[in-house]
Amino acid sequence: MELVTLFIDGTEVKAREGEKLLWVALDNGFYIPNLCAIRQADSPLASCRLCFVEIEGRRAPVTACTEPASDGMVVRLNTPSVQRLRNTAFELLLSHHKLDCGHCDKNRNCGLQSIASHLGLKLKLTRLRRVSRDLPVDSSHPLFIYDPNKCVLCGKCVWVCHEEGTGILDFAFKGIETRVSTIESIPLAEAGCNSCLACVAVCPVGSLVTKPGVSVEKARTLVAQLTGAGPES
Ligand code: FES
């Protein structure tokens with residue numbers, strides 16, 4: 001594939017033509033917040049809306065996970081409009097996420113915490129109201145627990161379940177009711193799960209976690225292999 005030259009915040013970088021800007025930036029040491037991007041996925045889900053960047057000549061910021069690199073591109077990562085959009089996206093995610101860090105297994109290993117720390121944001125709502133969903137937690141599986149109230153709908157578990165597992169997870173319902181679920185919300189233990197734990201490995205928050213005493217080593221190793229970036233990149 002042909003190499004192109006582009007500029008990220010004034011630094012010249014080389015990239016394969018067509019490679020998504022998110023990966024070009026991360027591979028060259030630039031931070032762009034992201035929760036839903038999967039390097040190996042054919043088409044980005046672009047659901048978290050955290051990875052906005054500005055490109056010279058464009059009227060509005062674009063999502064870096066969907067934007068292909070091209071020769072001569074001038075990219076800026078931290079303009080006021082980028083900050084405004086991604087801060088709003090971050091707060092929107094928080095508004096649907098049950099914040100319970102003190103009791104969460106992913107405390108200090110959480111994508112939301114990592115992004116807040118990188119961007120200097122607080123893990124609290126300032127403009128939006130909390131959307132409390134009170135959905136039932138599924139602890140039917142012997143190895144892991146799924147709490148849909150913490151899910152940020154990044155879609156990584158859905159993708160990896162279809163790649164590595166038995167494809168039992170998918171998006172269900174629409175709009176504000178959207179959630180990740182098994183078909184007809186049957187319990188995970190009865191849904192034909194092959195216990196690969198890949199969904200636990202890629203979940204960037206505390207929505208899918210192993211049960212106490214279950215090794216997380218397999219899950220951690222899978223993160224790097226499956227997403228190419230890990231939940232906190
Ligand atoms: S929208 Fe680009 S990483 Fe989520």
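Numerical summary
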read-out: Protein accessible area in the chain, 1.4 Å probe - carbon and sulfur %; value: 50
read-out: Dipole magnitude of the chain about its Cα centre (Cβ charges: Lys, Arg +1; Asp, Glu -1), debye to nearest 20; value: 940
read-out: Charge sum, other residues only, whose C-beta stays under 12 Å from Q40's C-beta, Lys/Arg counted +1 and Asp/Glu -1; value: 0
read-out: Among V62, V131, V74 the positive-end extreme of the charge dipole of the stretch 8-157 (Cβ point charges); value: V131
read-out: GNM flexibility winner over the chain from P212, P44, P61 (Cα, springs under 10 Å); value: P212
read-out: Cα-projected label distance for L3 with S117, points at 7 Å along beta-carbon direction, nm; value: 3.4
read-out: Where the chain is the region considered: accessible area per residue in Å², 1.4 Å probe; value: 50
read-out: Stokes-Einstein translational diffusion, the chain - Kirkwood Rh over all Cα pairs, 0.890 mPa s, 25 °C, in µm²/s; value: 133
read-out: Most to least packed among 141-151, 73-83, 107-117 [average Cβ atoms within 10 Å]; value: 141-151, 107-117, 73-83
read-out: Free-standing Cys residues across the chain, given no other cysteine C-beta under 4.7 angstrom; value: C51, C65, C101, C104, C110, C151, C161, C193, C196, C203
read-out: For the chain: relative contact order, % (alpha-carbon pairs under 8 angstrom, 6 or more apart); value: 19
read-out: Size of charge dipole - the stretch 95-155 - debye, nearest 20, with Cβ of Lys, Arg +1 and Asp, Glu -1, no other charges; value: 420
read-out: Cα-based reach from K98 at 16 Å (exclusive), listing lysines while leaving out same-chain residues under 8 positions away; value: K106, K122, K124, K150
read-out: The stretch 146-204: mean projected area of Cα convex hull, nm²; value: 3.7
read-out: Value of [θ]222 nm, deg cm²/dmol, for the chain, DSSP H segments ≥ 4, -39500 (n - 2.57) each, nearest 500; value: -7000 deg cm²/dmol
read-out: Residues listed by number, the stretch 183-202, amide nitrogen under 17 Å from T166 label point at 7 Å toward C-beta; value: 183-200
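The values are calculated or read from the model by the stated rules, or taken from the named source; none is laboratory data. Given the structure is predicted, the values throughout are model-derived calculations rather than measurements. For neighbour counting, all protein chains shown are included, and Cβ atoms are generated from backbone atoms with ideal geometry for every residue, glycine included. These accessible areas exclude ligands, DNA and RNA; they are computed on the full protein's heavy atoms, side chains included. Shrake-Rupley method; radii C 1.70, N 1.55, O 1.52, S 1.80 Å.
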